[in-house]
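Here the structure comes first, spelled out in structure tokens, and everything after it is commentary.
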Amino acid sequence: MKGSAARMAARRPALMGHEHMLRSRLAGTGSYLPEKVLTNHDLERMVDTSDAWIFARTGIRERRVSVDETSSEMGAKAAKNALKAAGLHPRDIDLVVVGTVTPDMAFPSTACFIQSRLGIRPGAAAFDVSAACSGFLYALDAADKYIRSGSAHNALVIGVDRFSKIIDWKDRSTCVLFGDGAGAVVLKAEKGRHGILSTRIHSDGRRWEMLYAPNTCQPSPFEASEPVLPYLRMQGNETFKIAVRTMGGAIAEVMEENGLKPEDITCLVPHQANLRIIEAIRERLKLSPDKVVTNLEKYGNTSAASIPIALDEAVREGRIKANDIILFVAFGGGLTWASSVVRW
Ligand SMILES: CC(C)(COP(=O)(O)OP(=O)(O)OC[C@H]1O[C@@H](n2cnc3c(N)ncnc32)[C@H](O)[C@@H]1OP(=O)(O)O)[C@@H](O)C(=O)NCCC(=O)NCCS
């Protein structure tokens with residue numbers, strides 16, 4: 001290769017070549033939302049808020065809440081849909097990775113429950129990843145590395161959360177923001193140019209107090225300190241600013257790594273926390289609104305489930321086609337943040 005072709009290849013490594021590289025192809029997507037709809041007007045009857053305030057500040061009109069379905073039940077339903085879309089049977093799966101911070105139990109993991117619910121072969125590997133709203137991309141990154149190393153062939157990656165269980169329904173500054181749901185993708189090991197090009201995950205534990213939920217375990221009789229309330233707590237305003245800055249940096253990182261320019265991006269599927277955050281990111285990238293997937297108007301912030309639900313809806317609406325370059329970005333408690341680029 002000479003001259004401009006060589007320069008192109010050096011600048012755009014992911015867009016050129018790599019025909020023989022083992023990658024994780026996204027072979028199928030699925031999602032599941034619980035039936036119960038909780039509108040902003042319903043919330044007006046619960047706390048001192050208004051539909052106008054919630055919609056103007058967040059872009060959310062309604063969200064779903066689970067009445068009695070656990071995270072593993074919702075996750076298994078989303079996974080079933082993803083398996084169907086991929087044309088695979090549960091017996092084909094050798095790895096289950098679940099991003100969640102609202103597991104059914106402290107242990108076993110939600111992944112083990114989902115393995116059992118779906119009838120995935122005993123002996124397959126199954127584990128949870130705790131990274132709050134970045135949970136799906138953390139899980140995706142872990143599964144991708146097992147696949148690229150040859151340790152797994154077909155993986156289920158699930159993002160699920162049931163924040164209705166950890167929210168203080170009397171706190172108007174948080175209870176209007178979140179919803180329950182699950183999303184899943186099937187990753188298949190394949191040689192070629194399609195699949196996950198790269199994923200980057202980051203965390204900064206120093207700033208955990210920005211956004212956290214204490215655990216709900218019973219106080220031990222030996223404990224000296226007063227028991228704390230189990231509810232989610234967030235410094236909304238500060239979190240907002242950090243989220244915009246951090247997600248912008250995470251996007252720049254994976255774009256640079258893959259030699260991508262904004263015009264190469266076919267579709268941005270961001271974590272659905274706040275429409276104003278998504279708009280700020282979109283403007284930075286100078287992407288047209290039709291290239292950005294948003295569904296938080298219907299579901300609010302479903303934490304680890306938000307990216308795979310939005311991806312599944314975009315796929316089923318026919319918005320994503322072969323060879324499209326898809327960009328994912330997330331931010332959450334930890335603090336954690338992550339980004340990923342996929343060639344469909
Ligand atoms: C939560 C969030 C919507 C609040 O919007 P904001 O513009 O920052 O609003 P503030 O927190 O500054 O509050 C502004 C006012 O609205 C009030 N308010 C808060 N929640 C309200 C509600 N549900 N209804 C009506 N008023 C509300 C506040 O009490 C405050 O009143 P004051 O000015 O009299 O003190 C916004 O900060 C946000 O989205 N943050 C990021 C959240 C996020 O991304 N979290 C998850 C990351 S995964």
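Points worth noting:
- Residue in the stretch 286-298 that is within 15 Å of the ligand (Cβ to nearest atom), of a type outside the set (Asp, Glu) and more than 21 Å from TYR138 (Cβ to Cβ) present: yes
- A Cβ distance below 9 Å, combined with a sequence gap of six or more or placement on separate chains, defines the contacts here; from the stretch 296-322, residues that are acidic (Asp, Glu) reach residues that are in a helix (DSSP H, G or I) and surrounded by fewer than 24 Cβ atoms within 10 Å (Cβ to Cβ) in the pairs GLU297/PHE55; GLU297/LEU275; ASP312/ASN81; ASP312/ALA85.
Residue-by-condition table, conditions (1) within 16 Å of the ligand (Cβ to nearest atom); (2) part of a helix (DSSP H, G or I):
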position: SER306; (1), (2): yes, yes
position: LEU311; (1), (2): no, yes
position: VAL315; (1), (2): no, yes
position: ARG319; (1), (2): no, no
position: ALA322; (1), (2): no, no
position: ILE326; (1), (2): no, no
position: PHE331; (1), (2): yes, no
position: TRP337; (1), (2): yes, no
position: SER340; (1), (2): no, no
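- Number of the exception - VAL101 against (1) touching a residue at least 40 places away in the same chain (Cβ under 8 Å); (2) at negative phi; (3) surrounded by fewer than 24 Cβ atoms within 10 Å (Cβ to Cβ); (4) assigned to a loop (DSSP other than H, G, I, E, B): (3)
- Close pairs from the stretch 230-246: first more than 15 Å from ILE277 (Cα to Cα), partner more than 6 Å from the ligand (Cβ to nearest atom) and acidic (Asp, Glu), Cβ under 6 Å, at least 6 apart: TYR231/ASP168
- Scanning the stretch 186-240 for residues that are within 16 Å of the ligand (Cβ to nearest atom) and either in a loop (DSSP other than H, G, I, E, B) or polar (S, T, N, Q) (or both) gives SER203, ASP204, ALA213, TYR231, LEU232, GLN235, ASN237, THR239.
- Of all the numbered requirements in (1) in a helix (DSSP H, G or I); (2) of a type outside the set (Lys, Arg); (3) under 20 Å from the mean Cα position of the chain (by Cα); (4) within 16 Å of the ligand (Cβ to nearest atom), ASN81 misses one, and that requirement is (4).
- For the stretch 43-64, the criterion of being surrounded by 17 or more Cβ atoms within 10 Å (Cβ to Cβ), in contact (Cβ under 8 Å) with a residue 12 or more places away in the chain and away from the ligand (no atom under 16 Å from the Cβ) is met by at least one residue.
Every number in this text was worked out from the coordinates using simple rules, so none of it is lab data. It should be emphasised that the depicted structure is a prediction, and the values quoted were computed from it without experimental measurement. Glycine also receives a Cβ, built like all others from the backbone with ideal geometry; neighbour counts cover every protein chain displayed.
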